[in-house]
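Below you'll find the structure, written out as structure tokens, and then a few comments.
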Amino acid sequence: MQRLNQIFTKQSTYVPILAIILGLIVGAIVMWMGGFNPFEAYKAMLVKIFGTTYDFGEAIRQVTPLIFTGLSVAFAFRAGLFNIGAEGQFIMGMTAATWVGINTDLPWFIHLPLAVLAGGLAGAIWSGLAGWLKASRGINEVISTIMLNWIAYYFANFMVRVVMIEKGQNRSQDVLPSASASIDWLSALMDNARVHWGTVIALLCSGIFYYILWKTRQGYELRASGHNADAAFYAGINVKGSIVKAMMISGAFAGLGGAFEILGVFKSMAVMNAQPGYGFDGIAVSLLGGNNPFGIVFGAILFGFLSYGSQGMNFELEVPNEIIRIVIGSVIFFVASHGIVKWFLKPFFKKRREEKKGAA
Amino acid sequence: MEQRPIVAELKGITKRFPGIVANDNISLQLRKGEIHALLGENGAGKSTLMNILFGLYQPDEGHIEINGSPVVIDGAGKAIELRIGMVHQHFKLVKPFTVAENIILGNEPTKGATIDIKSANERVKQISEQYGLKVDPRVKIEDITVGMQQRVEILKTLYRGADILIFDEPTAVLTVQEIEELIVILRNLAREGKSIILITHKLKEIMEIADTCTVIRRGKVIGSVSVKESNERQLAEMMVGRSVSFQVDKQKSKPGKPVLEVKDLVVPGEHGKPVVDHVTFDIRAGEVFGIAGVDGNGQTQLIEAITGMRKASGGSVKVLGKELLGTSVRTVTEAGVSHIPEDRHKHGLVLDFSVSENMVLNNYYKEPFTHKGLLNYKAMDENAKKLAEQFDVRMSGIHTEARSLSGGNQQKAIIARELTRDPELIIAVQPTRGLDVGAIEFVHKQLIEARNAGKAVLLVSFELEELYGLSDRLAVIYEGRFMGQMEADEKNEEQIGLMMAGNAMGAAAGHTG
């Protein structure tokens, strides 16, 4: 109990919680001004997420790719790199997994892992390219990854439209059942919600993230290069190698996310009208999670649940999508800007300090 | 002593931080037109006290009186209002702006909707002349020297009407020449009736310019003395709490086998002219080799080339007979070279890492710190605890970020790490920069001990006294070339001075007289 109390009075715990509440309050004000009942709307949101097993499973499905891309962005960030390219790496992961899923006919215990690995590898290579450009030529990774996003996007559409097309459709052929990552028994229990193994792997990846960075020698080098490349160089660390490695690991996370989105959810790849945005949401998620692997899981849950639950507000109360985005945006805004939350808290702290003083 | 009016008085100031009492019931009186030195070891609480006076911290107990009336200084704005100005150790200037633009920043004179830069220039020029600062208001900050930038900071406080000026270790960043100029400026300011608080741990400067000196040790006032009635030794003892020896005890060296052999080393510069130009020297085991010279004559590049951090275009660098030029930093380290770098924030430490992690910065990959590719935090912590104790690194714990240590303790941490790696060659660049006398004495002792234990030491320093005190042999570098090598002896002082100004060894003899 003492311990529990400690956890809840720790700033790193209650600040995010308060931030969410503040965000919801601002969202409520916006909805109220727009002529909607915020209580009804939030109720609709909660019902949408937790109301049925199907919805709950689908909400988890929404969360999963965000964990992957959040980890991707955060890992690069920990090594001092700003990977804007999780989007492109995610798309490359989708494409590679689709191709392997369609074109190889193998028993499932080889086929599925192979397709997943292909996705991870494609993401790793794609980001490794940006890492290599930075290490060897000093090209800023922000610019190169943004460009690589576009290349990945058009390349993927080309692959779907020309190489993997399902005749008469605007999507690729279906991946073979042997490459499916769905958890069929759980899916059956949850009213056919598209739950898949990717969620388990995503959680595993957040553990791997932590393990690599804080438990291995490699991680020490990556963190040292990230915090102070000059000191890392002075210490004899191969800084350029670290850049490439960090980018590749980062891209692998995003690529895995892409692979599972195909193998676990859609089973085929549609022609995209725009970049799907998983990678960009990943930036927000990594920010929400404070670049901490476990924080990111919570960040992804928050982000994913809000976006999924907001469909309920739209459906039940016809709250327009724009207002829903404002609600989501304000929650993220408050979580991301700890300073503001602490400012709100200041009067409370002052009181508490004075009480302490009085007692002493 | 004449009794000039008291302009500022701190009464019973106490400031606590988690785990430490930074200021413990400190009282201090500042009189008009006085230069009041605040002396104390690294981390004694000087800066905390001044940050309280400047309104950046609030004291937990005690209060401040300005011109006899109690005040609450709750921010830098309030401090400026009370005519208190602070010249920080790290300047707060906008580099692409001109001097005048920087000075008026936040308090711009306007003419209609535009900034009246002309009258600003005039005003800056006028103040500059009044105090003998000689600053051109129209040049850009990025184009002027560090010493000039400091004067801009001084001007900034004067422009805002400061009567009390706080200087936080103002000489730490200056060259010898600039220090002398600063001293003249400080005297001018005092003569014009400004009251000056000078935070420092350099005894010489205090003896030279301060009227009063208040000594702080571990957050407490040890005493306030009139400088005239005191001496360096007494101040040093008050500061450190024990008697300090200024002389380094050392026997004559017994040089052994050559450890470092540098031959015809050339490092290309940016504009074609080499920054290190055919430098040749060697250092034997059990010997300290000093490199003297004015900052910026190729010392940095020479050291970087030897340690593998910079590419050389020709020559040879051998450690114990093994050619190292063109290999990697790691190879050089593995060959038994320790390096106390010139810039501790840029190269010496990862400031966001814990002290424990920093203590293994260049041997983290070795047993026992890494075991089968995995980090062994327990071994790292034990190592850090041991080194911190051995080298008296003061901090709230080995898991605190290196960033939160005071400058002197950061330096001690680096020295601890580099000296305990059992190197063959120790390269020490400005190893005592920013340290107080107690710590300097300690570092010097450690270097001499290493030398006595048969290590070779390469020492680069801008302080001649340090070079004389520690080195067995000396070389003088000027524009990337060695002007000559000789025994380190005070007798050579004049010659060394000439060589530092660019006269070669033979020619120098002719110039004396």
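The values are calculated or read from the model by the stated rules, or taken from the named source; none is laboratory data. Keep in mind it's a predicted model, so treat the numbers as computed, not measured. Because the Cβ atoms are built from the backbone with ideal geometry, glycine has one as well, and the counts that use them run over all protein chains shown. The area values use the complete protein model at the heavy-atom level, side chains included, leaving out ligands, DNA and RNA. Shrake-Rupley method; radii C 1.70, N 1.55, O 1.52, S 1.80 Å.
Sort A:40, A:58 by heavy-atom solvent-accessible area, probe 1.4 angstrom, most to least.
On the way: A:40 85, A:58 5 Å².
Sorted by accessible area, descending: A:40, A:58.
Which percent, nearest 5, of DSSP beta bridges in chain B are antiparallel? Taking every DSSP beta bridge within chain B, about 55 percent pair in antiparallel fashion. Is the shape of chain B rounded, prolate or oblate, going by the alpha carbon gyration tensor and its root eigenvalues a ≥ b ≥ c, with a/c under 1.5 for rounded and a/b larger than b/c for prolate? In terms of gyration-tensor shape, prolate.
Put simply, the amide H of residue A:172, placed in the peptide plane, has neighbours under 5 Å in A:166, A:269, A:270, A:271, leaving out anything fewer than 5 places away on its chain. Residues of the stretch B:23-58 with the amide nitrogen closer than 14 Å to a label point 7 Å from the Cα of residue B:14, along Cα-to-Cβ, please. Once the point is set 7 Å along Cα→Cβ of residue B:14, B:23-27 turn out to lie under 14 Å by backbone N, inside the stretch B:23-58.
Near the amide H of residue B:23, within less than 5 Å, lie the amide hydrogens of B:15, all on another chain or at least 5 residues away, with H placed in the peptide plane. Please give the residues from the stretch B:353-369 for which the solvent-accessible area of heavy atoms, probe 1.4 Å, is smaller by at least 10 Å² with all protein chains in place than with the chain isolated. By number: B:353, B:357, B:361, B:362, B:364, B:365.
Accessible area of chain B with a 1.4 Å probe: how many percent of it is carbon plus sulfur?
Details: 11030 of 22720 Å².
Solvent-exposed carbon and sulfur of chain B make up 49 percent of the total.
Per-residue ellipticity at 222 nm computed for the protein assembly as shown from its helices equals -16000 deg cm²/dmol, with DSSP H segments shorter than 4 residues left out and the rest contributing -39,500 (n - 2.57).
When chain A is treated as a Gaussian network with alpha carbon springs shorter than 10 Å, the biggest mean-square fluctuation among A:284, A:44, A:96 belongs to A:44. May I ask you to give the percent of accessible area on chain A that is carbon plus sulfur, with a probe radius of 1.4 Å? Ligands and nucleic acids excluded, carbon and sulfur give 67 percent.
Measuring with a 1.4 angstrom probe and ignoring ligands and nucleic acids, residue B:445 comes out at about 110 Å² accessible.
Excluding ligands, DNA and RNA, the accessible surface per residue across the protein assembly as shown is 46 Å² with a 1.4 Å probe. Secondary structure note: in the protein assembly as shown, about 60% of the DSSP beta bridges are antiparallel. The shape of chain A comes out oblate: with a ≥ b ≥ c from the C-alpha gyration tensor, a/c is at least 1.5 while a/b does not beat b/c. Shape of the stretch B:71-153 from the C-alpha gyration tensor: oblate (a/c of 1.5 or more and a/b not above b/c, with a ≥ b ≥ c the square roots of its eigenvalues). Distance from the C-alpha centroid of the stretch B:432-483 to that of the stretch B:181-259: 20 Å, rounded to the whole angstrom. Buried on complex formation within the stretch A:227-249 (loss of at least 20 square angstrom of accessible surface versus the isolated chain, 1.4 Å probe, ligands and nucleic acids ignored): A:227, A:228, A:230, A:231, A:233, A:234, A:235, A:236.
Rounded to the nearest Hz, the phi-derived 3J(HN,Hα) couplings of the stretch B:313-318 under the Karplus curve 6.51 cos²θ - 1.76 cosθ + 1.60 (θ = phi - 60°) are 9, x, x, 8, 10, 10, where x marks glycine and proline. In this structure, residue B:138 and residue B:188 have a Cβ-Cβ separation that, at R0 = 22 Å, corresponds to a calculated FRET efficiency of about 0.45.
Quick one: buried accessible area between A and B, total over both chains, 1.4 angstrom probe, nearest 100 Å²? Display every interim value, and only then the final one.
Values: alone 18360 and 23700 Å², together 39980 Å².
Using a 1.4 Å probe on protein heavy atoms, the buried area is about 2100 Å².
Using Cα springs under 10 Å in a Gaussian network model of chain A, which residue among A:129, A:263, A:189 shows the largest mean-square fluctuation? For chain A, modelled as a Gaussian network with Cα springs under 10 Å, the answer is A:189. In chain B, which helices (entire DSSP H runs) extend 15 Å or more along their own long axis, judged by Cα positions, while averaging at least -1.0 on the Kyte-Doolittle scale? Answer set is B:146-159, B:176-191, B:407-419, B:437-452.
Apply the membrane-span-like helix rule to chain A: whole DSSP H runs, Cα extent along the own long axis of at least 27 Å, mean Kyte-Doolittle hydropathy at least 0.0. List the helices found. If you can, show how the numbers build up before the last one.
On the way: long enough: A:11-33 (32 Å, 1.93); A:53-78 (37 Å, 0.60); A:108-137 (42 Å, 1.00); A:239-260 (32 Å, 1.20); A:293-317 (35 Å, 1.01); A:338-359 (30 Å, -1.05).
For chain A, where a helix must reach 27 Å along its axis and average at least 0.0, the hits are A:11-33, A:53-78, A:108-137, A:239-260, A:293-317.
Take each residue in A:273-279, count the other chain C-beta atoms within 10 Å of its C-beta, and the mean is 0. Label-to-label distance, residue A:143 versus residue A:337, with points set 7 angstrom from Cα along the beta-carbon direction: 3.1 nm. Placing dummy labels 7 Å off each Cα toward the beta-carbon, the span from residue A:33 to residue B:311 is 5.9 nm. Annotation: amide H of residue B:312 within the under-5 Å range of B:326, sequence separation 5 or more or interchain, hydrogens built in the peptide plane.
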